[in-house]
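Working notes, beginning with the structure itself.
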Amino acid sequence: MKRLKEQLIETYNNLNILLHDEETENKVVTATKIIVDTLKQNHPFLICGNGGSASDSMHITGELVGRFLKERKALNVICLSSNSAVITAWANDYSYEDIFARQVEAYGKLGGVLLGISTSGNSKNVIKAFEMAKSLNVKTIALTGKGGGALSEISDILIEVPSNHTPRIQEMHIMLYHYICERIEEMML
């Protein structure tokens, strides 16, 4: 059985790699600026993911529609993973692979941005959402594990973390998106 100390060391080592990765830092700064520019124009910031990444999508949306650390006005952020009526109707009548693409078609517009969260970078419905976003000239940001999977080829900005192990990827995603939420609030005030 893996001991807690071993797991903490693994997480520490991954965070240490991330700490010294200037390329990823620059991508996070650029992604944050794009999101802020979108929100300042009151264009939609769309977020999607599956499973734990769907929960992360809801978490980010909650922080930005509600508040993270500062009192401020609500921001135009839409979680594509949380509308169960749309998701189940579309998946039942058409295809689960298109559940996010359909919503991007409904809510996305020029000047908007889509954040797709996928530990593997290969979630078909997130990929299809990115393809729809591209067709609408919506900017795309992918938050993935090491390598970025198929999303690495179609995202405007790929933020990949240095792990292939899903729990460690998710831990780093939380740290990164909390940082992004904090910067968004600072830049929006």
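Checking the conditions here, which among GLU63, GLU71, GLU105, GLU97 is in contact with a strand residue (DSSP E or B) (Cβ under 9 Å, 6 or more places away or on another chain) and either crowded, with 16+ Cβ neighbours inside 10 Å or of a type outside the set (A, V, I, L, M) (or both)?
GLU63 is the lone residue from the list that is in contact with a strand residue (DSSP E or B) (Cβ under 9 Å, 6 or more places away or on another chain) and either crowded, with 16+ Cβ neighbours inside 10 Å or of a type outside the set (A, V, I, L, M) (or both).
Take VAL86 and decide whether it is of a type in the set (A, V, I, L, M, F, W, C), more than 24 Å from THR30 (Cβ to Cβ) and out of contact with any Ser or Thr (no Cβ under 7 Å at 6 or more places or on another chain).
Considered against the rule, which asks whether it is of a type in the set (A, V, I, L, M, F, W, C), more than 24 Å from THR30 (Cβ to Cβ) and out of contact with any Ser or Thr (no Cβ under 7 Å at 6 or more places or on another chain), VAL86 comes out as yes.
Being over 21 Å from HIS173 (Cβ atoms) and free of Cβ contacts under 8 Å to residues at least 24 places away in the same chain narrows it down to one of LYS109, LYS134, LYS146, so name that one.
Every option except LYS134 fails the conditions.
Which condition number does ARG72 fail, the rest of (1) part of a helix (DSSP H, G or I); (2) in contact with a helix residue (DSSP H, G or I) (Cβ under 7 Å, 6 or more places away or on another chain); (3) more than 26 Å from GLY147 (Cβ to Cβ) being met?
In the conditions (1) part of a helix (DSSP H, G or I); (2) in contact with a helix residue (DSSP H, G or I) (Cβ under 7 Å, 6 or more places away or on another chain); (3) more than 26 Å from GLY147 (Cβ to Cβ), ARG72 misses (1) alone.
Within the range 7-26, is there a residue that is without any contact (Cβ under 8 Å) to a residue 12 or more places away in the chain, in a helix (DSSP H, G or I) and touching a helix residue (DSSP H, G or I) at 6+ places or on another chain (Cβ under 8 Å)?
Checking the range 7-26: not a single residue is without any contact (Cβ under 8 Å) to a residue 12 or more places away in the chain, in a helix (DSSP H, G or I) and touching a helix residue (DSSP H, G or I) at 6+ places or on another chain (Cβ under 8 Å).
Which one of the conditions (1) surrounded by fewer than 24 Cβ atoms within 10 Å (Cβ to Cβ); (2) closer than 27 Å to LYS40 by Cβ; (3) among the β-branched types (Val, Ile, Thr) does ILE127 fail to meet, given that it meets all the rest?
(2)
Is there a residue in the range 83-104 that is of a type in the set (Ser, Thr, Tyr), in contact (Cβ under 8 Å) with a residue 12 or more places away in the chain and under 16 Å from ILE117 (Cα atoms)?
No, there is no match, as no residue in the range 83-104 is of a type in the set (Ser, Thr, Tyr), in contact (Cβ under 8 Å) with a residue 12 or more places away in the chain and under 16 Å from ILE117 (Cα atoms).
Each reported figure results from applying straightforward, stated rules to the coordinates on display, with no laboratory input. It should be emphasised that the depicted structure is a prediction, and the values quoted were computed from it without experimental measurement. A quick note on method: Cβ atoms are made from the backbone with ideal geometry, for glycine too, and the neighbour counts reach across all protein chains shown.
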